[in-house]
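The values are calculated or read from the model by the stated rules, or taken from the named source; none is laboratory data. This one's a predicted model, so the numbers in the text were calculated from it and none came from an experiment. Please note: Cβ atoms are built from the backbone with ideal geometry, for glycine as well, and neighbour counts cover all protein chains shown. Accessible surface is based on the protein model in full, side chains and every heavy atom, while ligands, DNA and RNA are left aside. Shrake-Rupley method; radii C 1.70, N 1.55, O 1.52, S 1.80 Å.
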Amino acid sequence: MPSQPCTNHPNEMTFIRCGRCDKPFCVRCLVDTPVGKKCRACAENRTHLTEYTPGSVLAVLVATLITALVGAWLIKELRILLLAAPYGWIVGEVALRAGKRSRSTAVQVATGLGTLLGGLLGMGYTAAGEMAPAGWHFPGLWGLAMVILGCMIAVSRVRHL
């Protein structure tokens with residue numbers, strides 16, 4: 001393999017490449033890491049709490065809203081409040097998959113908002129805080145408690161993979 005110019009210093013020729021992005025770098029530009037030599041950008045300590053895109057956050061919000069809406073409606077129709085735990089777990093799993101396993105703070109907030117809004121709409125709550133008319137009868141406080149518990153479980157599922 002012939003030598004190539006360093007990405008940062010074009011006058012300096014090198015045989016060394018970054019172990020992650022495979023760009024050529026000189027000895028001054030590379031950083032020693034426990035898994036080999038990397039460029040400064042690839043060696044930065046990026047965590048799961050900062051890696052997200054606006055598109056993934058929007059996808060999480062939409063996916064959790066739809067899943068929570070359907071799940072809460074199903075629980076309301078079955079009238080089984082003990083389904084709050086599986087409901088929250090499923091919504092959290094959908095959020096993880098829609099967000100490509102990102103556990104960023106933005107994804108956690110989108111999961112909470114989507115679960116809360118979808119759950120309230122699925123239970124039949126309107127914007128005025130009242131139950132919607134025509135067949136949407138369910139114990140108000142129990143339904144609200146189920147939605148809040150499901151929301152907490154969904155966010156904790158995203159947070160603690």
ask   = Considering only protein heavy atoms, what per residue accessible area in square angstrom results for segment 26-120 with a 1.4 angstrom probe?
value = 56 Å²
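On the protein heavy atoms, probe 1.4 angstrom, tell me the percent of accessible surface of the chain carried by carbon and sulfur. Display every interim value, and only then the final one.
Details: 6420 of 9660 Å².
Roughly 66 percent of what the probe reaches on the chain is carbon or sulfur.
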task = Could you state the angle between the C-alpha long axis of helix 84-98 and the longest principal axis of the C-alpha atoms of the chain, as a value from 0 to 90 degrees rounded to the nearest 10?
result = 30 degrees
task = Using only the Cα atoms of the chain, each taken as one equal point scatterer with no solvent, compute I(q) by the Debye sum, divide by I(0), and report log10 of the ratio at q = 0.13, 0.19 Å⁻¹.
result = -0.65, -1.00
ask   = Which of the chymotrypsin sites (Phe, Trp or Tyr not before Pro) found in segment 1-70 are loop residues per DSSP with 13 or fewer other Cβ atoms within 10 Å of their Cβ?
value = PHE15
remark   = Phi angles of segment 117-122, converted by Karplus (6.51 cos²θ - 1.76 cosθ + 1.60, θ = phi - 60°) into ³J(HN,Hα) in whole Hz with x for Gly and Pro, give 5, x, x, 5, 5, x
remark   = Net charge near ALA59 (other residues with Cβ under 10 Å of its Cβ; Lys, Arg +1; Asp, Glu -1) is +2
ask   = Of ILE148, ILE80, ILE66, which is the most mobile in a GNM of the chain whose springs link Cα atoms less than 10 angstrom apart?
value = ILE80
query = What longest region of the chain stays clear of trypsin sites (Lys or Arg not before Pro) that DSSP places outside H, G, I, E and B and that have at most 15 other Cβ atoms within 10 Å?
reply = 102-161
note = Counting only DSSP loop positions in segment 5-75, the GluC sites (Glu not before Pro) whose Cβ has at most 13 other Cβ atoms within 10 Å are GLU44
query = If you build a Gaussian network model of the chain, linking Cα atoms that sit under 10 Å apart, which residue out of ALA41, ALA59, ALA145 swings the most?
reply = ALA41
